[in-house]
Amino acid sequence: MTILDKDKEKILASALLNLKIEALNEMQQTALSHSSTDQNIVLLSPTGTGKTIAFLLPLINNMNGDSTAVQSLILVPSRELALQIAGVFTAMNTPWKCCCCYGGHSMSEERKVLSTMHPAVVIGTPGRITDHLSKGTILTDSIEHLVIDEFDKSLEYGFQEEMEMIIGQLHHLKKRILASATDTEEIPNFVEMSHTVRLDFLKENTDVVSRIRLMKVLSPEKDKINTLYRLLCHLNNSSSIVFCNHREAVDRVSNLLREMGFPNERYHGGMEQADRERSLYKFRNGSAFVLISTDLASRGLDIPDVAHIIHYHLPVNEEAFTHRNGRTARWNTTGESFLILNEAEVQPDYLDKELPVYELDEQTPVPPKAIWSTLYIGKGKKDKISKGDVAGFLYKKGQMQSKDIGSIDVKEHCTYVSVRQSRVKHLIQLVQGEKIKGIKTIIEESK
């Protein structure tokens, strides 16, 4: 598959069309313009400005069409970020394939993809990539391009030993791209970032910060749960992410809100991967308006239309504050960020001016009810199930109309569907015992 330069232009144009992007922004154009040089790149730009596309386009532009080996390696600090990048690359629909490798995923499935699909791009977390290298399932001789996304996090002390081991085996690198929304004081020597150009769009993108309205909410009690409940009720059915500093706090806040009649989903690193994916899907599709999370959700999650960020606990530093707020006001939208403070807490020093107080009315509105519910189907891609198969089944056997079905997310071993809540119980009654493509499966409301 020899691909000429003129063909690369068509592939890039087609990729953007598939992503429904009419034109690159300045940051993306600048990153792409440096793809043909021998300079390494440090790319700094706020969250929500399209960094993933900015580093994927240079990789595509330098891809060899005749090779069946891995050409590019993308290292990330979390499985969620790996999956997000893989999703973007797949959506581009280029001639090349990618493989996503991360802990909690089947190692045998990854080996199968690596050996049969011959991906040009491998995206993975340091621990899992280390496993593959040690077993020889990923060969490094053909890897010429390395991307480290969220490099300030990826190169932290906890990852350094694995990162040094991985990079030490990449003897044929021609280009390194480091990307993040926050800078770091020092890049370890083992990354070998000599002959580097810095593309810093952090200061130039002050409009991102200006699109976020920062406010504080005063809690009369040390335990801020009642204030959080009242705030969420005032925000009604707009989407909100509530950040806590610890997993135990996420569980406590989530459970207490449920007891108070406010539905929500929780998200943290102590949960099983399937449970985390289900929580994110229900939050994305509107089955839940509120996601309670640790800072795990502050990086690598592309959730559109998050209207509010709520700091239930004060972030540990300015960097954490920046990444949390980066979940809202994405792609030229606006958003709001609230700091809930009790009488023993003070506004962080890195906020250079006193924040306005968001006043809560004395009368608290009732908690909003979700329009959508999430349907779980126990079969997925591995069973040759497609979105069309699911939609057709629900229309025919479940007597659904197009207005009753929202997004359909077909995963490897299961499928999630957003269904109008008023119809879900009747739907489940109708489809019990029915088969999808001749396959019997579990169909139930996801709790």
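The values are calculated or read from the model by the stated rules, or taken from the named source; none is laboratory data. Since we're looking at a predicted model, the values are computed, not measured. Reconstructed Cβ throughout: ideal geometry from the backbone, glycine too, with neighbour counts over all protein chains shown.
Screening the stretch 192-254 for strands (runs of 3 or more DSSP E) wholly inside it with 1 or more residues that are modelled with pLDDT under 95 returns the ranges 196-200, 212-219. Has the stretch 363-386 got any residue that is assigned to a loop (DSSP other than H, G, I, E, B), under 30 Å from Tyr312 (Cα atoms) and in contact with a Leu (Cβ under 8 Å, 6 or more places away or on another chain)? Checked against the condition, which is being assigned to a loop (DSSP other than H, G, I, E, B), under 30 Å from Tyr312 (Cα atoms) and in contact with a Leu (Cβ under 8 Å, 6 or more places away or on another chain), the stretch 363-386 yields at least one hit.
Return the only residue of Glu319, Glu265, Glu259, Glu277 being of a type outside the set (A, V, I, L, M) and without any contact (Cβ under 8 Å) to a residue 12 or more places away in the chain.
Only one candidate passes the filter, namely Glu259.
Scan Ala13, Ala54 and give me the residue that is among the hydrophobic types (A, V, I, L, M, F, W, C), assigned to a helix (DSSP H, G or I) and surrounded by fewer than 13 Cβ atoms within 10 Å (Cβ to Cβ).
After applying the criteria, what remains is Ala13.
Of the residues making up the stretch 411-438, those that are in a strand (DSSP E or B) and surrounded by fewer than 21 Cβ atoms within 10 Å (Cβ to Cβ) are Arg420, Lys435.
Residues considered: Val217, Val242, Val191, Val253. Of these, the only one that is without any contact (Cβ under 8 Å) to a residue 60 or more places away in the chain, in contact with a Phe, Trp or Tyr (Cβ under 7 Å, 6 or more places away or on another chain) and either at negative phi or of a type in the set (A, V, I, L, M) (or both) is Val253.
Which residue is surrounded by the fewest Cβ atoms within 10 Å (Cβ to Cβ), if the candidates are limited to the stretch 57-86 and must be out of contact with any Cys (no Cβ under 9 Å at 6 or more places or on another chain) and in a helix (DSSP H, G or I)? Looking at residues that are out of contact with any Cys (no Cβ under 9 Å at 6 or more places or on another chain) and in a helix (DSSP H, G or I), I get Asn61.
Of the residues making up the stretch 402-413, those that are in contact (Cβ under 8 Å) with a residue 40 or more places away in the chain and either farther than 16 Å from Gly388 by Cβ or among the basic types (Lys, Arg) (or both) are Lys411, Glu412.
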